[in-house]
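Everything on this sheet refers to the single structure shown next.
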Amino acid sequence: MSQPQIDYAAVFRALPGMVALLTPDLVYADANDDFLRLAGRTREQLLGRYIFDVFPENPNEPAAAGMRETRASMLRVATTGERDTMALLRYDIEDPARPGHWQEHFWSPVNAPVRDPEGRVVLIVHRVEEVTELIRAFGRRDNDREARVLEAELYTRARELQEVNERLRRAHAHEREVALALQAAMLPPPGPTGRHGAAVRYRPAVGSLNVCGDWYDLVDLPGESLAVAVGDVVGHGLAAAGAMGQLRSALSAACRVADGPAQALDALGLYARSVEGAESTTAATTFVDWGDRSITYSCAGHPPPALLRPDGTVVFLDQATDPPLGARPD
């Protein structure tokens, strides 16, 4: 049975509810029919234009925060690649037939990412539900005064929720920034390793406080030897980054005095038992001797190192693997 041919552009435009697509620069790429109808704009008035040029903020409302909060939400989606649900929002719309005349509107927006095959955010799905009539419905009840009080209370609580979310995001971003700085400070800067080159690529996770306890190290050893080490502390955040710093320093020192990588990891395993949060840390260490062209390695629960041979083949150094640090039965 052949697969049906689906016109996804037609499906998008027929979607119920207001849905628009924007670029990460907040320029309209497309909008469905309900969005155009309810917003009172044509497709030509939207496509290729900056969102806040099409829908500027009401200048008669000095306390309006809709533009600032909508921009922040969309940029957060573009940066983190995560969906962002906004609180109830008032954003007035200028009547296109009567310039200077603003119509009060209340909205419930959700912004979501569209990624390319490499994971980059290429579009932002802006889905918005108008709740103006829901808000105004309270005013059509028998007790108009109580209804208006309830309407104001609903809107006030929604704004307070949005402000609390903003404070939490700022605190979260600050903690992540501190953890990243701590992690970066404890990792060795790229530099020469004697007369032999080395390349390092280190990419911390993004989108949340996924600052991990991963580390790497390059240690110059006596003669023509170099120790290369990687490790991973269980967990995320500041605690993992702190444990990582202690273990990296300890392994660097052990490599300088140990007879080989296995002895260095044995010493690190004993030390890990005294470091809070270091249990079950994994590590791998290799000693590269350029003089006799040999590699000696040992792994403590870590994925094995990969060795690229001159002919282009890759083999994994997986013949010397022990349990994670501090996890030996004895």
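The values are calculated or read from the model by the stated rules, or taken from the named source; none is laboratory data. Values in this document were obtained by computation on a predicted structure and should not be read as measured data. Every residue, glycine among them, receives a Cβ derived from its backbone with ideal geometry; neighbour counts consider all protein chains shown. Heavy atoms of the whole protein, side chains included, go into the accessibility calculation; ligands, DNA and RNA do not. Shrake-Rupley method; radii C 1.70, N 1.55, O 1.52, S 1.80 Å.
Please compute the net charge surrounding Arg43, taking Lys and Arg as +1 and Asp and Glu as -1 over other residues with Cβ under 13 Å from its Cβ. Summing Lys/Arg as +1 and Asp/Glu as -1 gives 0.
Over the stretch 212-322, average the accessible area per residue using a 1.4 Å probe and give it in Å², no decimals.
Per residue, the stretch 212-322 has 50 Å² of solvent-accessible surface.
Each label point was placed 7 Å from the Cα along the Cα-to-Cβ direction; for Leu270 and Ala63 their separation is 6.8 nm. The HN-Hα couplings worked out from phi for the stretch 217-222 by the Karplus form 6.51 cos²θ - 1.76 cosθ + 1.60 (θ = phi - 60°) are 7, 10, 10, 6, 10, x Hz, whole numbers, x standing for Gly and Pro.
Amide H to amide H, with H built 1.01 Å from N, Asp92 comes under 5 Å of Asn58, His105, counting only residues 5 or more places away or on other chains. Here the stretch 300-323 is scanned for amide nitrogen atoms under 11 Å from the site 7 Å beyond the Cα of Arg293 along Cα-to-Cβ, giving 310. When the charge dipole of the stretch 217-322 is built from unit charges on Cβ atoms (+1 for Lys and Arg, -1 for Asp and Glu) and taken about the Cα centre, the candidate among Ala264, Met244, Ala300 whose Cα reaches farthest toward its positive end is Met244. The smallest convex shape that holds all Cα atoms of the stretch 222-330, its convex hull, gives 108 Å³ per residue. Accessible area per residue for the stretch 8-140, computed on protein heavy atoms with a 1.4 Å probe, is 52 Å². Spin-label model, Tyr216 to Leu15: label points 7 Å out along the Cα-to-beta-carbon direction sit 4.0 nm apart. Across the alpha-carbon set of the stretch 8-140, the Rg to Rh ratio works out to 0.96, Rh being the Kirkwood radius. Note on the stretch 1-46 and the stretch 237-264: Cα centroid distance 54 Å, given to the nearest whole angstrom.
Report the local net charge at Trp107: Lys and Arg +1, Asp and Glu -1, summed over other residues whose C-beta lies under 9 Å from its C-beta. Please report the intermediate quantities before stating the final value.
Working: positive: Arg90; negative: Glu129, Glu130.
Every neighbour counted, the sum reads -1.
The apolar share of the surface of the stretch 224-293, taken as the fraction of accessible area on carbon and sulfur atoms (1.4 Å probe, ligands and nucleic acids excluded), comes to 53 percent.
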